[in-house]
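Taking it in order: structure first as structure tokens, then the write-up.
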Amino acid sequence: MDPRTSRTIAVALLIGLALAGVVIAGVAGPANLPAAAEAFVDGAYGSGTSWGATVAAAAPILLIGIAASISFRAGIFNLGQPGMFVIGAVAAGATAPVVPGPPWFNVLITLAVSAAVGAVWAGLIAAGAVLAALDILVLSLIMNYLADGLATLLTTRVFRDPTALGIIETRLVPARLPLLVPQSSFHAGVLLAAVACLAYWWVMNQSRAGHRLRLYGQNPKFAAASGTPRRGYELRVTVMTGALCGLAGGVQVLGVFLRYIDGTVGGSASYAWTGVILAILVPTGTLLLLPGALFLASLQTGLLGVERAVGVSSRLSLVVQAVVMIAVAYGRGRASGADRLRAGKPEPPEPPEPRPAGQPATTGGVPS
């Protein structure tokens with residue numbers, strides 16, 4: 001990543017954190033800022049439980065960030081990741097209680113089903129955009145609302161735990177992702193997300209598939225002329241990103257909630273939207289997705305600690321994320337404008353060569 005992009009991201013993060021400080025000072029009073037800062041650190045990293053909650057939150061953010069990054073790099077502006085995330089989570093909550101066999105088999109089958117259902121949902125978005133002659137951006141946003149409603153309907157009417165009182169949720173899963181740190185939420189899905197990030201970096205930077213993806217995103221017509229059919233390739237890319245988002249939903253169910261609880265993975269506060277923000281903030285194909293996901297996760301868990309300590313809502317994280325995204329977009333827009341301006345200016349003429357003393361100056365080869 002070039003230094004200018006690094007500076008843009010760093011300045012955007014500082015602006016977001018400064019805004020959070022201003023809001024906390026305005027709501028709770030300036031005297032509570034030190035307590036809020038301490039509560040933020042404790043909420044995100046102050047104990048093994050806090051660490052576990054932070055890295056567990058980073059896992060779905062990272063997986064969905066990779067999926068959104070792939071779509072954006074291919075020039076496919078699909079924002080259906082929240083719906084794919086919800087559908088994958090519902091599939092996990094419905095599948096795990098009915099799969100027989102040992103725990104490891106149950107977990108593998110459940111994650112596979114989650115990824116497959118997410119892929120099917122993404123395929124429906126891509127095919128529907130073509131059949132209805134709609135921009136995929138518009139249809140994917142509409143499908144997010146459909147996914148939330150369908151999840152509620154299925155959980156209420158088909159997969160609901162009959163012993164649950166007043167809560168719309170599926171039955172408890174018989175097996176979960178192994179915990180890597182006891183008495184915490186640090187589960188094996190975190191390693192799965194990290195491996196996916198490393199694989200994504202390698203594919204984007206070291207393989208022909210990554211070169212094809214970059215080429216298609218930069219010039220689809222040239223890529224098509226080189227043997228990459230447009231509709232078929234966009235469908236494959238969208239289905240692959242849907243599988244990653246569905247997998248993230250399965251990881252969230254098997255690693256954190258241990259059942260699907262209606263309303264916990266969808267809506268405006270969904271980790272999926274945070275993953276989309278991660279894809280916008282971090283340049284495509286870099287390993288900065290890992291610390292970026294950890295930062296965005298710590299922003300949420302840390303502000304939960306601030307909410308407990310000084311009473312400022314943890315929803316402040318959404319405001320901070322929005323401000324950071326706007327600042328990055330503004331910085332990149334200014335940089336692109338400066339590049340275009342420099343590209344449009346003629347190069348300055350080279351200075352004339354010095355001539356020996358006494359030699360007359362020439363203009364176009366004729367002595368002046």
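The values are calculated or read from the model by the stated rules, or taken from the named source; none is laboratory data. These numbers come from a predicted model, not from an experiment. Here the Cβ is made from the backbone with ideal geometry for all residues, glycine too, and neighbour counts use every protein chain on show. With ligands, DNA and RNA removed, areas are computed over all heavy atoms of the protein, side chains included. Shrake-Rupley method; radii C 1.70, N 1.55, O 1.52, S 1.80 Å.
Some observations on this one:
- Cα-based helix-to-principal-axis angle, 289-310 vs the chain, degrees rounded to 10: 60 degrees
- Note on the chain: GNM, Cα springs under 10 Å; of 265, 27, 328, the largest mean-square fluctuation is that of 27.
- In this simple spin-label approximation, residue 14 and residue 132 carry label points 7 Å from Cα along the Cα→Cβ vector, and these lie 4.5 nm apart.
- Relative contact order of the chain, defined on C-alpha pairs under 8 angstrom at six or more residues apart (%): 33 percent
- Averaging 1/r over every pair of different alpha carbons in region 256-295 and inverting the result gives a Kirkwood radius of 11.6 Å.
- Take the Cβ atoms of residue 25 and residue 181, set R0 to 45 Å, and the FRET efficiency comes out at 0.85.
- Region 126-210: C-alpha gyration tensor shape, a/c 1.5 cut-off, then a/b vs b/c: oblate
- In the chain, taking the dipole from charged Cβ atoms about the Cα centre, the farthest positive-side position among 286, 312, 125 is held by 125.
- Taking 7 Å steps out from each Cα toward its Cβ at residue 203 and residue 191 produces label points 2.1 nm apart.
- Relative contact order (percent, whole number), region 216-342, Cα cutoff 8 Å, 6+ residue spacing: 13 percent
- The residues of the chain have, on average, 50 Å² of accessible surface per residue, using a 1.4 Å probe with all protein chains present.
- Over the chain, dividing the summed -39,500 (n - 2.57) contributions of all DSSP H runs of at least 4 residues by the number of residues returns a 222 nm mean residue ellipticity of -23500 deg cm²/dmol.
- Length-normalised contact order for region 172-277 - Cα pairs under 8 Å, 6+ apart - percent: 31 percent
- The label-point distance for residue 156 and residue 172, in a model that sets each label 7 Å from Cα toward Cβ, rounds to 2.6 nm.
- Accessible area in the full protein assembly, largest first, 1.4 Å probe, for 161, 148, 42: 42, 148, 161
- Relative compactness, the chain, computed as alpha-carbon Rg over 2.2 N^0.38 Å: 1.21
- Global form of region 38-120, assessed from the alpha-carbon gyration tensor, a/c cut-off 1.5: oblate
- Solvent-accessible surface (1.4 angstrom probe) belonging to residue 284, in square angstrom, nearest 10: 50 Å²
- Carbon-plus-sulfur accessible fraction, the chain (probe radius 1.4 Å, protein heavy atoms only): 67%.
- With all protein chains modelled, accessible area of residue 274 [1.4 Å, Å²]: 0 Å²
- The dipole here belongs to region 83-196: it is taken about the Cα centre, uses +1 on the Cβ of Lys and Arg and -1 on the Cβ of Asp and Glu, and is about 240 debye.
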